[in-house]
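J.: One structure, as structure tokens, below. Some questions next.
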Amino acid sequence: MEILTHPVWGPVILIGVFVVASVLGYIIIRKVPSLLHTPLMSGMNALSGVTVLGALIAGVAAYKTQSVVVLIIALVAAALAMVNVAGGFFVTHKMLRMFDKKGGNDKKEEEKE
């Protein structure tokens, strides 16, 4: 962990981890069929929480090294990860409302009439 507070190598390592994680995430998500995106998003909320935690750790390391660039990147990463978590919960809630028994019964009754 001390390497992350090194004035030269700390920001380089943190930016490198950010770039590798971004590329891997893009490659993995690109190969997922579109029908699985919503269930996958609802299942990935926990990983988005880990992303928030990683961004906060990067922000603390940047604060200790007084690296403004890495601190700004860490804050942007934390904000985007929080938007992802909130969006994931919103989509999950919307998806679960589709399977609500009340909504399903109303539609069947309307079809009978």
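Every number here is computed from the coordinates shown, using simple stated rules; none is lab data. Because the structure is predicted, anything quoted here is derived from the model rather than measured.
J.: If you plug each phi of the stretch 80-92 into the Karplus form 6.51 cos²θ - 1.76 cosθ + 1.60 with θ = phi - 60°, what whole-Hz ³J(HN,Hα) values come out, in order, with x for Gly and Pro?
T.: 5, 5, 5, 5, 5, 4, 4, x, x, 5, 5, 5, 4
J.: So who's got an amide H within less than 5 Å of the one on residue 67, skipping anything under 5 residues away but keeping other chains? H placed 1.01 Å off N, in plane.
T.: none
J.: Note the full-extension length gain between residue 19 and residue 96 as 0.36 nm times their separation in residues minus their Cα-Cα distance, in nm to one decimal.
T.: Extra length from residue 19 to residue 96 when fully extended: 24.3 nm.
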